[in-house]
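The values are calculated or read from the model by the stated rules, or taken from the named source; none is laboratory data. These numbers were taken from a predicted model, which means no experiment stands behind them. We place every Cβ from the backbone using ideal geometry, glycine too, and count neighbours over all the protein chains shown. Areas reflect the complete protein model, heavy atoms only, side chains present, ligands, DNA and RNA absent. Shrake-Rupley method; radii C 1.70, N 1.55, O 1.52, S 1.80 Å.
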Amino acid sequence: MEITYASTSLPDLSSMARTPPSSTAATATTRPVKVIPFLHPYSAADATPTSSSSSPSTPFSRWRTKVKRMKTVDWIDFLLPCSRWIRTYDWRENLQPDLVSGVTVGIMLVPQSMSYAKLAGLQPIYGLYTGLVPVFVYSIFGSSRQLAVGPVALVSLLVSNVLGNVDSSAELYTELAILLSLMVGILECTMGLLRLGWLIRFISHSVISGFTTASAIVIALSQAKYFLGYNVDRSSKIIPLVKSIISGADKFSWPPFMMGSSILAIILVMKHLGKTRKKLRYLRAGGPLTAVVLGTAFVKIFHPSSISLVGDIPQGLPPFSIPKEFGHLKSLIPTSLLITGVAILESVGIAKALAAKNGYELDSNQELFGLGVANICGSFFSAYPSTGSFSRSAVNHESGAKTGLSGIVMGIIMACALLFMTPLFEFIPQCALAAIVISAVIGLVDYDEAIFLWRVDKKDFFLWTVTSTTTLFLGIEIGVLVGVGFSLAFVIHESANPHIAVLGRLPGTTVYRNIQQYPEAYTYNGIVIVRIDAPIYFANTSYIKDRLREYEIAVDQSCKRGPEVERIYFVILEMAPVTYVDSSAVQALKELYQEYNSRDIQIAIANPNKDVLLTLTKSGFIDQVGKEWCFVRVHDAVQVCLQHVPTTPKIPESSPDKSSRFLERLGTRRKEDLSTSEMESGVVISKDSDPQLEPLLSRKYHK
């Protein structure tokens, strides 16, 4: 049986100092160790890379290669995503569920569209227009087969907030809302074509949850005027809303309150039964329609004078018209950016989740492009900004929608409502539409998320609290800016202060892990193994250098093995997690090397990836450190470093003209080691071998 060992023995460095470098190898008692050959890219002096190390491909080159490979069918699928499901449509299996889901969501969409239009400060007819053209267009250009597009509560609140200084009864208000749809569509298309959807990933989920929770509370309070029977000041802040509600309490009217509360209770009960019982899931979609039917029937029968009605709604399809009022374009840019961000976070997130559940792939950038085209086309037919609805998409999925045909059916239902049913909408109570809005936003109050964040991550709970509080008390724009600002600040802090771990060897293995996470792992005297768990760039180089200095001075001595030495001779950098280094990082590494070199400490590099190694080689850092100090594995680096750790605690002082410095002798010794014709992973030793030698592998691994 053979047992391999890592030797910690080396002749006394004092004797090495008196021995010429050429005779060092001959007098040493160290054994050669086998390491995996490390393949270097072309050296810094070479003008061109070798065939084995081609330059990394850029995103543009990958995109160009993909475009060249695309066939006619691929181009059709890219420009018209609906062609993917049209070509493979199974009429027997898919037609019925698509029709059922389309009719179900269409019935739900009609009353919700009018409700959300009122929330946006628009006439109900513009909500119906927003639920018509964008639905048809998205069915053609959208890549999701279950996403239900149209007006939503959050976007409606944003529209109302940005146009708050404009008289809602004036034509200018409507024109600006339509212009906002065009701007949002252009932004979404641009971001989709340039594949910039990844920018929104920097906004934390806790920020979005806090924002939607606060927005839901503001939306619910803004609808209170239809329940209370008197006007409430329009505001996106909770304090002015509450003050306005309290100040007008003497005008309170019971009839609209009773009707609104009763309809809201019915909707909530139907929604609960639809969620909890599969056999009654159709009740969830029927809630808004039930509210409209009951309210209209009550008004038709009793003719209450104290309940305000929707009023006259124009009949017919929307005419084609070009958006106007481009002079206000600049003032609408911040809100259009905010609505675009909401569209990416809400719609694309829902679409990807539904795609995963239904077993097809979805490109988020193409999805963003489809939403943009829907908004652009909608703006030419008097629609305000639309996006994917969470509630309607969930109902569409639960109703069995298979393809985009369900969206076309929704559009047909909306078109029929505009052509034939608008005279009936005149008698819908305002409180019924308000109840529909409140029932929809109740689900956005995500207090469960706050409780979860408190248990799991206090930092995310802080983000949730700050965002929701500032949104409630300071307004939507400030709330979003503060939340995003804190979110980016945390991202920058984590990036500038990356996790760095000291590694130790797990007993009986050649695996090296964080000694804080694995207390049983042990380290070696004279060697520090450090893993940097992040890209190295200009923002974190100072932090990394400071931490490396700390590890050199203060490392836990209780779990160390090997020869007794007083200081560190080797620092091994495990660079597998480092995905990128920039020029500042290279300069910092060079400075660190010079600092270590002045104290006779050698740097070794383990397992850098191709791009990182290429950058370090081009910069000359690898040549500075020495190619012989680059290793495939941490264990290889440890084996070699153990061969060169001195066995004596102190080195006798000698004048510079009589002895070489430690690193000079070490470099000569290491190069001579590499010149051996064949490396062995260990040696067969007898029972009377040096008891201080540490086995590389436990006996069970050699059976």
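So, R0 is 30 Å and r is the distance between the beta-carbons of ASP546 and LEU481; what FRET efficiency does that work out to, to 0.05? Walk me through the numbers before you get to the answer.
Numbers: r = 33 Å, r/R0 = 1.08.
E between ASP546 and LEU481, to the nearest 0.05, is 0.40.
Skip the ligands, DNA and RNA, and give the accessible area per residue of region 259-346 with a 1.4 Å probe, whole Å².
Per-residue accessible area for region 259-346 comes out at 58 Å².
Which is farthest toward the positive dipole end of region 414-489 among THR470, VAL456, ALA435, measuring Cα position about the Cα centre, with Cβ charges +1 (Lys, Arg) and -1 (Asp, Glu)?
In region 414-489, that residue is VAL456.
With contacts defined as alpha carbon pairs under 8 Å and 6 or more residues apart, what's the relative contact order of region 331-443 in percent?
Relative contact order for region 331-443 comes out at 23 percent.
Restricting attention to the alpha-carbon atoms of region 330-394, what are Rg (one decimal) and Dmax (integer), both in Å?
12.8, 42
With each pseudo-label sitting 7 Å past Cα toward Cβ, what's the ASP233-PHE252 distance in nm, one decimal?
So the label points at ASP233 and PHE252 sit 2.1 nm apart.
Dipole magnitude of region 307-445 about its Cα centre, charges +1 at Lys/Arg Cβ and -1 at Asp/Glu Cβ only, in debye to the nearest 20?
That gives a dipole near 100 debye.
Please list GLU449, GLU591 from largest to smallest accessible area, probe radius 1.4 Å, with all protein chains kept in place. Write out the running numbers ahead of the final one.
On the way: GLU449 30, GLU591 85 Å².
Highest to lowest solvent-accessible surface, that is GLU591, GLU449.
Of the cross-linked pairs LYS66/LYS618; LYS275/LYS402; LYS118/LYS251; LYS66/LYS610, which ones have a Cα-Cα span greater than 26 Å in the structure shown?
Over 26 Å Cα-Cα: LYS66/LYS618.
At a probe radius of 1.4 Å, what is the per-residue accessible area of TYR89, in Å² to the nearest 10?
30 Å²
Taking the Cα-to-Cβ direction at ARG567 and at GLN587 and moving 7 Å from each Cα, how far apart do the two end points lie in nm?
About 2.8 nm, to one decimal.
Hey, if we sort ASP90, ASP460, ASP448, ASP636 by accessible area with the 1.4 Å probe, largest down, what's the order?
Numbers: ASP90 60, ASP460 35, ASP448 95, ASP636 0 Å².
Ranking ASP90, ASP460, ASP448, ASP636 by accessible area, largest first, yields ASP448, ASP90, ASP460, ASP636.
Counting only protein heavy atoms and using a 1.4 Å probe, what share of the accessible area of region 112-238 belongs to carbon plus sulfur, as a whole percent?
Here it works out to 58 percent.
Please give the contour-minus-distance gain from ARG69 to HIS328: 0.36 nm per residue of separation, less the Cα-Cα distance, rounded to one decimal in nm.
Separation in residues times 0.36 nm, less the Cα-Cα distance, equals 88.8 nm.
Output needed: percent of Cα pairs per 5 Å distance bin for region 214-286, bins running from 0 to the one holding the longest distance.
3, 17, 19, 16, 16, 12, 9, 6, 2, 0
For region 299-452, just the Cα atoms, rotate onto the principal axes and tell me the three extents in Å, largest first.
Taking the Cα atoms of region 299-452, the three principal extents are 51, 43, 35 Å.
For LEU642, LEU419, what's the largest-to-smallest order of accessible area, 1.4 Å probe?
Sorted by accessible area, descending: LEU419, LEU642.
With a 1.4 Å probe and every protein chain left in place, tell me how much accessible area GLU566 has, in Å² to the nearest 10.
Near enough 130 Å² of accessible area.
For region 181-218 and region 380-435, write down the distance between their C-alpha centroids in whole Å.
For region 181-218 versus region 380-435, the Cα centre distance is 23 Å.
Ignoring everything but the protein chains, give the 1.4 Å probe accessible area of LYS590 in square angstrom, nearest 10.
The accessible area comes out at roughly 50 Å².
Please express the shape of region 415-534 as an equivalent ellipsoid: the semi-axes are the square roots of 5 times the eigenvalues of the C-alpha gyration tensor, given largest first in whole angstrom.
56, 18, 14
So if each residue of separation counts as 0.36 nm, and I subtract the Cα-Cα distance between LYS627 and LYS278, what length gain in nm does that give?
119.0 nm
Once phi is turned into θ = phi - 60°, what whole-Hz ³J(HN,Hα) does the Karplus curve with 6.51, -1.76 and 1.60 give for every residue of region 298-304, x standing for Gly and Pro?
Whole-Hz 3J(HN,Hα) from phi for region 298-304: 4, 5, 4, 7, 9, 6, x.
Taking the Kirkwood radius as the inverse of the mean 1/r across Cα pairs, report the Rg/Rh of region 273-376.
Taking Rh as the inverse mean 1/r over Cα pairs, Rg/Rh reads 1.10.
Extension gain ASP457-ARG62, at 0.36 nm per residue separation less the Cα-Cα distance, in nm?
138.4 nm
Rounded to the nearest 0.05, what FRET efficiency do ARG92 and LYS357 give with R0 = 25 Å and r taken as the Cβ-Cβ distance? Could you check?
On the way: r = 22 Å, r/R0 = 0.89.
FRET efficiency, ARG92 to LYS357: 0.65.
Ignoring ligands, DNA and RNA, what percent of the 1.4 Å accessible area of region 249-352 is carbon and sulfur?
That share works out to 67 percent.
Could you report region 202-251's accessible area per residue, 1.4 Å probe, as an integer in Å²?
44 Å²
Expressed as a whole percent, how much of the Cα-Cα distance distribution for region 145-294 exceeds 21 Å? Show your work: numbers first, answer last.
Numbers: 7168 of 11175 pairs.
So the portion of pairs separated by more than 21 Å is 64 percent.
In whole angstrom, and with the biggest value first, how far do the Cα coordinates of region 81-161 range along each principal axis?
Principal extents (Cα only, largest first): 45, 22, 17 Å.
Sort the following peptides by mean Cβ neighbour count (other Cβ atoms within 10 Å, averaged over residues), highest first: 568-574, 496-502, 147-153, 480-486.
Working: 568-574: 22.4, 496-502: 16.9, 147-153: 30.4, 480-486: 20.0.
Descending mean neighbour count gives 147-153, 568-574, 480-486, 496-502.
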